[in-house]
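Rule-based calculations on the coordinates, nothing more; no lab input. Note that the coordinates shown come from a computational prediction; the quantities given were computed from them, not determined experimentally. Because the Cβ atoms are built from the backbone with ideal geometry, glycine has one as well, and the counts that use them run over all protein chains shown.
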Amino acid sequence: MNRLNLNLLRALVVMLEERNLTRAADRLHLTQSAISRQLGQLREHFNDPLLIREGNLYLLSARAQQLLPKIQVILGEVDELSEGDSFNPAECERRFSFACTDHVAQFIFPDILSHLQEVAPGVDITFEMWRPEWLPRLGQMPLDLASTTTTQLPENVFSEHIGQDSPVCLMAADHPLAQQPLQLQAMLAFAFLRLNSGGDKDSFFDRALERQGLARRIQFEVPFFSAAFQVLSGSRLLMILPKHIAENALEHFPLHYAPLPLPEVPKNQYHLCWHALHAQDPAHSWLRNLIARMLRERMYLDT
């Protein structure tokens, strides 16, 4: 016999622990003949008596004493492979990487981190600024999760839909356009601010203008929403951005937003994405479910 199956290894551990074939048979729900047959197979495999009878007792051979702790460790590791449902976040000690916009990182993710410190204090998070070109290569990236807008998922990328909203125009609370319905020509009398990181959020507006033979002036480009909000609140600039981000900005800056004066505006579809590599990981599953729920609660999205 060249190989041992797990059942024989489990039987060996019980025999060595009990040091009595009758008790071992009872514990394994086997007959006396079946346990004796298994002992014979094990003796043949290891070329060792393993259990040496002395009166009514069995003594462990030197080889058996060496094998017992090793096999116990092996079986414990095998059992852990099938214990996904027993994952305990309070005992998890692991670092995860999460990519998103600076808006999520600054205005939403602190609540998630605060909750994690309470329920999973051993979990560490590394934040990365999201780049849309990473989505098709998610399996090759050192990323566990990514929050992004997308309408089509690449192969082997899974997601949970967080919600949707539409773009709006954000401006200072005392902007001349803040007290009236927006008109396209009136908007173009002012310069715009654009975000140059985190993905395309306003090119649809330029295409709509081009169809009418119009164009806007982009006076400033910044990489972060927080910088954009500060600039907007003290200027006459305009900015096109998702509604839920505009609503959040109003809670922190003296700003105002209004619907865009276009016949049609796109819907932004928000997803929490991960690669198939992590699909069956119990810790990953727990974390992504928690983050998806908290993102959904805090992003004020249309459903």
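Some notes on this structure:
- 3J(HN,Hα) from dihedral phi, segment 216-225, Karplus parametrisation 6.51/-1.76/1.60, rounded to Hz, x for glycine, proline: 10, 9, 9, 7, 9, 10, 10, x, 10, 4
- The label point for Gln117 and the one for Arg131, both projected 7 Å from the Cα toward the Cβ, are 3.1 nm apart.
- Structural descriptor for segment 6-81: relative contact order 30 percent, calculated from alpha carbon pairs under 8 angstrom and at least 6 residues apart.
- Computed on the Cα trace of segment 6-81, the radius of gyration divided by the Kirkwood hydrodynamic radius gives Rg/Rh = 0.95.
- Beta bridges per DSSP, both residues in the chain: antiparallel share near 65 percent.
- Each Lys and Arg Cβ is given +1 and each Asp and Glu Cβ -1; about its Cα centre, segment 165-241 then shows a dipole of about 160 debye.
- Amide H contacts for Leu255 (H built 1.01 Å from N in the peptide plane; partners 5 or more residues away or on another chain; cut-off under 5 Å): Ala173.
- The chain, relative contact order in percent, only Cα pairs under 8 angstrom and at least six apart counted: 21
- Three-way shape label, segment 167-259, alpha-carbon gyration tensor, a/c 1.5: oblate
- Taking the DSSP bridge list for segment 167-259 and keeping only pairs wholly inside it, about 65 percent are antiparallel.
- Formal net charge of residues neighbouring Glu17 (Cβ-Cβ distance under 12 Å; K, R +1; D, E -1): +3
- Order of Val222, Val104 - criterion: other Cβ atoms within 10 Å of each residue's Cβ, fewest first: Val222, Val104
- Recomputing Cα Rg over 2.2 N^0.38 Å from the coordinates shown identifies the correct label among [x] 1.40; [y] 1.62; [z] 1.11 as [y].
- Projecting the Cα atoms of Gly213, Leu12, Leu241 onto the charge dipole of the chain (Cβ charges, centred on the Cα centre) puts Leu12 farthest toward the positive pole.
- Furthest towards positive pole of dipole, Leu170, His103, Leu51, structure part the chain, Cβ charges: Leu51
- Look at the alpha carbon pairs under 8 Å that are at least 6 residues apart: their mean separation over the length of segment 29-126 gives a relative contact order of 21 percent.
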